[in-house]
Protein chains: 2
Amino acid sequence: MAIDYAVIRYTLDFYLNDWLEIGRLCERPRFADHGPETFAGVLDLCERLAAERFEPFNRLADTEEPHFDGAHVSLPAATEQACRAYAESGMLAAAQDADIGGMQLPCTVEMAANSFFSAASIGIRAYSMLTVANANLLMAHGSEQQRRVFAHPQFEGRWYGTMNLSEPQAGSSLSDIATRAEPDGAGYESDPLGPRYRINGRKMWISGGEHAMGENIVHLVLAKIPDAEGRLPAGTKGISLFIVPKFKVDAAGRLTGERNDVALAGLNHKLGYRGTVNTLLNYGEGGGAVGYRIGDAGLGLTYMFHMMNEARIQVGLGAAMLGMAGYLESREYAFQRSQGRPIQPGRSAAKNPTQQPVLIEQHPDVRRMLVAQRAYSEGAMALCLLCSRLVDEERTGMGDAALEAKALLEVLTPIAKSWPSEWCVEANSLAIQVLGGYGYTRDFPVEQHWRDNRLNMIHEGTHGIQAMDLLGRKVVMDNGGPFRLLLQRMRGSVAAASELARMQPLADELGRVLLRLEHATARAWASGSAPEALANATAYLRAFGHVVMGWIWLDVARAAVQAESSGRRSSGFVEGKVAAARYFVLHELPLVEAWLRPVEQCDRLWLDLPVEAV
Amino acid sequence: MAIDYAVIRYTLDFYLNDWLEIGRLCERPRFADHGPETFAGVLDLCERLAAERFEPFNRLADTEEPHFDGAHVSLPAATEQACRAYAESGMLAAAQDADIGGMQLPCTVEMAANSFFSAASIGIRAYSMLTVANANLLMAHGSEQQRRVFAHPQFEGRWYGTMNLSEPQAGSSLSDIATRAEPDGAGYESDPLGPRYRINGRKMWISGGEHAMGENIVHLVLAKIPDAEGRLPAGTKGISLFIVPKFKVDAAGRLTGERNDVALAGLNHKLGYRGTVNTLLNYGEGGGAVGYRIGDAGLGLTYMFHMMNEARIQVGLGAAMLGMAGYLESREYAFQRSQGRPIQPGRSAAKNPTQQPVLIEQHPDVRRMLVAQRAYSEGAMALCLLCSRLVDEERTGMGDAALEAKALLEVLTPIAKSWPSEWCVEANSLAIQVLGGYGYTRDFPVEQHWRDNRLNMIHEGTHGIQAMDLLGRKVVMDNGGPFRLLLQRMRGSVAAASELARMQPLADELGRVLLRLEHATARAWASGSAPEALANATAYLRAFGHVVMGWIWLDVARAAVQAESSGRRSSGFVEGKVAAARYFVLHELPLVEAWLRPVEQCDRLWLDLPVEAV
């Protein structure tokens, strides 16, 4: 059982070319050297690398969990080989400027190309994702010296990177971090690598926090600088961001041979995602780790969140690709496994036992489970690629288009993070169900996808945090402007789809729930007070997510039907898209109204609950 | 982190005494020797055994998976010790007649008492459950000699039992089993242990199929007897049932020292439920395993399904108890872990960073996740206990009451199997979410519950099979009589709850969806033809399950409110029940209408889907 990458590939091709029209990006100066051939070349390369160097070792990365012998953390050799192959492909610098060796690819193409690796082995993939996120942050906010010394070696694949936000007592509440950064002597501000501090504290859930791959690990660490009395500032405004290399470097970035004062305190043994080493790190067991401040004191979280929005889209796309992996594997199974017979016409629900068993894909309920997986996974892919297209627009678009892209991203990012994380776990559960008892064994890959995918509702901002972000900030920011813009875009899609006869019933359905969503949003904030408004934020997030996904499917199916009529896509391809859209819009979208009920009614159940009733 | 069994205990006490009024069973001759004290004594005993002998080894049973060294299957010593302690408690014969050493307990009390073990370690618990199911089947359908030789040693805990239904090519489609049973010589019909056959074939997914606990393993094996030309009869009507002991016995049941021709072909390595060894067995590698036919040829599946209905209720209750375990553990965590602060009144959704962090149970979304877990798990418990109460009524009730119980059980059994299996996995996912990153590690028990619970939608009839059973058979059987009886009972609960002011809005909501369910059922069958009727059977099952659970919660909350006004339950206890009922009926029951839409519209999506679109 293996993933059929050709399906992923033609799905990507359709999204990128027919739906998102990325060819038009090549008209912009930054992407002028690119064209359909270079984009296709990148996708070809990544498809091949994922199939050859990642997927064959995905189970191994799960069973041979990272191991700490007291001195070193060991990973399977295949993990290091896969990471090296990835580095050699140049993908670490996919989005960077050509003059530092980058490919200057649009974010959309970079995300699409990387999606193969997430499908193949999300646990191995994480190392490069973290490294690029780290280096991108340094490129955006570091000094020139910091970029050269700490970011460039990561783009070259010589060093690895991590993000250090959480602490054992502070996960979702970063304002409570207790890691201290104290100026390192009188001349601390004149270090060429940036203002030099000593870091003391403990950082939890650090993926890639310790291993022997590469020559160094660059930790980006949130910490607080104490005031004159030694007190840490309260709240998130007191947080700064520091570069803490595992091995110390000189001003030119050469390794000094000395280890920095950051030590592995323990490995976390997880339910899934086991290919990625996850650690508790102790900073300052020997007096304080040397760290270099990035930018201004107190802006650490702002810098981190610059990276976080893109990271959240990547989490969503990773969840989508795990969903795709399970979909494609269970589909392969359903077209190979014979069992059962069709029900005979008539009242008795009888079957003809003398008939040969049929392929299970012929059973209506198996079809439901396959199409639902497709609706969740391909829909999630489309949403995340749309968001990455908006990132490109924000960065390289002109005037209003860039501003609108930014506004849409504000509202869509919590959905791009949370919706795939929730529903592609459900897709993976359906993949298990299609395989039945076999799906429940470790002889097949689908149970691992389900375990791996369960992380995505937790890291990079939990589901509950996304819900508060959406209803508490995003739909009300700028007097509701970004939210209204999204509604306007969705209504535009309703209008466009209404012109195609096949799409009309779906367009009507989406139009109907859009009104409900708009109404519920106003009702939620009717009291004007956040505790009441946010009491049912998670139900709102779920409803909002389904509305967005209904829009995505309506628009994707519309584009597919138009691509068919212009001869660019086969009828089989288009029928698959239309079936998924019909399933999603007609079978799932009606759930929105149920989820919105407590929001519309400003239900106070959670606010008024006596503590004994919890 | 440990399960708070006291909560399970007072929940059981409420359900058994206040809601199901099991005290009235003691008026019946079979239970005349029992009373509140003996029932309480059994619950006390099982609560203690579960806490002391099962729960402490639940993780061990997961990590030290059954191992086959080529000669023997080894299990952790703790598993054997727990099973021995269970046998010594007398619970294996809990429901048996006193004259063979049984306790003559009602099914309701037996199920309630056993629920502690499912919460504590479902993987260890499975051995005794299978053994009792096996022996119960023998008591119902075996000859006197078969009962004495094969069932009694199982009640005494000396032998273990298994159920052999599936084969590698035939899981849900038992009509396709290929295991052959051929008469063992000319005098095969005169063996005192029953008509003697030689069994050849392979049986898959056999839990408890091989291990070294006890002196023998009694396999109950479905097989087909070939006709004169050696052909196996088609369909399920050709299936017979055989007793195949692992070690051969003489007519008096003494071990002959000879091994029967049944061999372990391999262990299945599962996602969860790892405490229970699961096997592929080969029958007849050396010419044919000796098997003794039970009852008449061709009635094997009927005999098996006699046991299956009770087994399905037990699967549901097991799922419920895994849900309870996760609920209680995540609740304990939420009352110990401080993080975050309340949102301040006003538009800004701001928090006061100088305030101390609060217990996470105070956050509305954490409360939602706890109350949802309670609604799923305690609701599932109540449903399964109600079904076991109906089993008692069917067996020991008088006249119409017994017939009505039987009719209600027909309709409710697929719900009791499927609803807890689906929603208590969701409960376990919420438990993980409450713990956040910690919940995703194997240092906490909640991830194991989630893995263990995922089996329940697969074994003992998959979700899809339950859906076909419900809509294809149960709601239409006897001209819809059992279904109408259930509707009538539910309307009775609506009327009773309507008399309490607090319950009125919930009663109205249930009344409303009952009409929709009745309408959708008629619409589904409007064509009069099963393929169309069953095209959306799983959506119907899901809707039906939620309606039943809305009814359960309405009635449980009504009973709680009445128990409070009569001074029998504290206000805190009652508020918990009312909150769960409010959550379920007002936040979840509206989903029913969305799920019923494709049923009401007789949506042909799955029937008309072109194969390229799957």
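Quick one: would you say residue A:137 is under 21 Å from residue A:159 (Cβ atoms), of a type outside the set (D, E, K, R), in contact (Cβ under 8 Å) with a residue 12 or more places away in the chain and open to solvent by 20 Å² or more (accessible area, probe 1.4 Å)? Considered against the rule, which asks whether it is under 21 Å from residue A:159 (Cβ atoms), of a type outside the set (D, E, K, R), in contact (Cβ under 8 Å) with a residue 12 or more places away in the chain and open to solvent by 20 Å² or more (accessible area, probe 1.4 Å), residue A:137 comes out as no.
To keep it simple, each residue is scored yes or no on (1) away from chain A (no Cβ under 14 Å); (2) open to solvent by less than 40 Å² (accessible area, probe 1.4 Å); (3) not in a helix (DSSP H, G or I).
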{"site": "B:365", "(1), (2), (3)": "no, yes, no"}
{"site": "B:376", "(1), (2), (3)": "yes, yes, no"}
{"site": "B:381", "(1), (2), (3)": "yes, yes, no"}
{"site": "B:386", "(1), (2), (3)": "yes, yes, no"}
{"site": "B:395", "(1), (2), (3)": "yes, no, no"}
{"site": "B:400", "(1), (2), (3)": "yes, no, no"}
{"site": "B:405", "(1), (2), (3)": "yes, yes, no"}
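Going through A:214, A:230, A:257 one at a time, which residue ends up being in contact with a helix residue (DSSP H, G or I) (Cβ under 9 Å, 6 or more places away or on another chain), open to solvent by 10 Å² or more (accessible area, probe 1.4 Å) and not acidic (Asp, Glu)? Among A:214, A:230, A:257, only A:214 is in contact with a helix residue (DSSP H, G or I) (Cβ under 9 Å, 6 or more places away or on another chain), open to solvent by 10 Å² or more (accessible area, probe 1.4 Å) and not acidic (Asp, Glu). Of all residues in region B:511-562, which are of a type in the set (Ser, Thr, Tyr) and in contact with a Gly (Cβ under 9 Å, 6 or more places away or on another chain)? Passing the criteria: B:521, B:529, B:538. Just one of (1) more than 14 Å from chain A (Cβ to nearest Cβ); (2) under 15 Å from residue B:449 (Cβ atoms); (3) surrounded by fewer than 24 Cβ atoms within 10 Å (Cβ to Cβ) fails for residue B:333. It is (1). Farther than 25 Å from residue B:390 by Cα, at pLDDT 95 or above, within 14 Å of chain A (Cβ to nearest Cβ) and surrounded by 17 or more Cβ atoms within 10 Å (Cβ to Cβ), is that true of residue B:524? Yes, satisfied.
Filter region A:147-200 down to the residues that are among the polar types (S, T, N, Q) and open to solvent by less than 30 Å² (accessible area, probe 1.4 Å) and list them by number. If you could, list the steps in order and put the result at the bottom.
Taking region A:147-200 and keeping what is among the polar types (S, T, N, Q), we get A:154, A:162, A:164, A:166, A:169, A:172-173, A:175, A:179, A:190, A:200.
Of everything in region A:147-200, those that are among the polar types (S, T, N, Q) and open to solvent by less than 30 Å² (accessible area, probe 1.4 Å) turn out to be A:154, A:162, A:164, A:166, A:173, A:175, A:179.
Within region B:299-354, can you find the residues that are among the hydroxyl-bearing types (Ser, Thr, Tyr), touching a strand residue (DSSP E or B) at 6+ places or on another chain (Cβ under 7 Å) and under 30 Å from residue B:166 (Cα atoms)? Correct list: B:303 only. Could you tell me whether any residue of region B:152-160 is in contact (Cβ under 8 Å) with a residue 12 or more places away in the chain, farther than 30 Å from residue B:23 by Cβ, assigned to a strand (DSSP E or B) and not basic (Lys, Arg)? Yes, the conditions are met somewhere in region B:152-160. Here residue A:115 clears all of (1) out of contact with any Phe, Trp or Tyr (no Cβ under 9 Å at 6 or more places or on another chain); (2) open to solvent by less than 10 Å² (accessible area, probe 1.4 Å); (3) not in a helix (DSSP H, G or I) except the condition numbered (3). Against the criterion of being open to solvent by 10 Å² or more (accessible area, probe 1.4 Å), within 29 Å of residue B:382 (Cβ to Cβ) and acidic (Asp, Glu), residue B:110 qualifies. Kindly establish whether residue A:11 is surrounded by 15 or more Cβ atoms within 10 Å (Cβ to Cβ) and either assigned by TED's automatic domain parsing to the domain that holds residue A:138 or under 27 Å from residue A:568 (Cβ atoms) (or both). Taking the combined requirement at face value, the residue satisfies it.
Taking the stated definitions as given, is residue A:585 in the same structural domain as residue A:539 (by TED's automatic domain parsing) and under 26 Å from the mean Cα position of the chain (by Cα)? Give the steps one after another, and end with the answer.
On the way: in the same structural domain as residue A:539 (by TED's automatic domain parsing): yes; under 26 Å from the mean Cα position of the chain (by Cα): yes.
Yes.
Cβ-Cβ contacts under 6 Å between residues 6 or more apart (or on different chains), taken from a first residue in region B:586-600 that is more than 13 Å from residue B:534 (Cα to Cα) to a second residue that is small (Gly, Ala, Ser) and buried (at least 19 other Cβ atoms within 10 Å of the Cβ), are listed as B:589/B:550; B:590/A:594; B:591/A:594; B:592/B:543; B:594/A:594; B:595/B:539; B:595/B:543. Six or more apart or on different chains, Cβ atoms under 7 Å: show the pairs whose first residue is in region A:20-46 and more than 26 Å from residue A:398 (Cβ to Cβ) and whose second is among the aromatic types (Phe, Trp, Tyr) and open to solvent by less than 20 Å² (accessible area, probe 1.4 Å). Listed pairs, sorted by first residue: A:46/A:116; A:46/A:117.
Conditions (1) facing chain A (nearest Cβ under 9 Å); (2) part of a loop (DSSP other than H, G, I, E, B); (3) crowded, with 23+ Cβ neighbours inside 10 Å; (4) not β-branched (Val, Ile, Thr), marked per residue:
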position	(1), (2), (3), (4)
B:354	yes, yes, no, no
B:361	yes, no, no, yes
B:420	no, no, yes, yes
B:424	no, no, yes, yes
B:431	no, no, yes, yes
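Within region B:449-464, the residues that satisfy the criterion of being part of a helix (DSSP H, G or I) and facing chain A (nearest Cβ under 9 Å) are B:450, B:451, B:454, B:455, B:457, B:463, B:464. Summed over region A:555-602, residues that are facing chain B (nearest Cβ under 7 Å), open to solvent by less than 40 Å² (accessible area, probe 1.4 Å) and in contact with a His (Cβ under 9 Å, 6 or more places away or on another chain) total 3. Kindly evaluate residue B:518 against the criterion of being of a type outside the set (Ser, Thr, Tyr), under 28 Å from residue B:402 (Cα atoms) and not in a helix (DSSP H, G or I). In short, no.
Restricting attention to region B:172-182 and to residues that are free of Cβ contacts under 8 Å to residues at least 60 places away in the same chain and in a loop (DSSP other than H, G, I, E, B), the residue that is nearest to the other protein chains (Cβ to nearest Cβ) turns out to be B:173.
Has region A:62-72 got at least one residue that is in a helix (DSSP H, G or I) and more than 25 Å from residue A:151 (Cα to Cα)? Looking for residues that are in a helix (DSSP H, G or I) and more than 25 Å from residue A:151 (Cα to Cα), one finds at least one in region A:62-72, hence yes. Whenever a residue of region B:355-368 is under 19 Å from residue A:169 (Cβ atoms), its partners that are basic (Lys, Arg) and open to solvent by 20 Å² or more (accessible area, probe 1.4 Å), lying with C-beta atoms within less than 6 angstrom and at least six residues away or across chains, give the pairs B:360/B:337.
The values are calculated or read from the model by the stated rules, or taken from the named source; none is laboratory data. Keep in mind the model is a prediction, meaning the values are calculated, not measured. Cβ coordinates were reconstructed from backbone atoms using ideal geometry, including for glycine residues, and neighbour counts include every protein chain displayed. Protein only, heavy atoms only, side chains kept; ligands, DNA and RNA dropped before computing areas. Shrake-Rupley method; radii C 1.70, N 1.55, O 1.52, S 1.80 Å.
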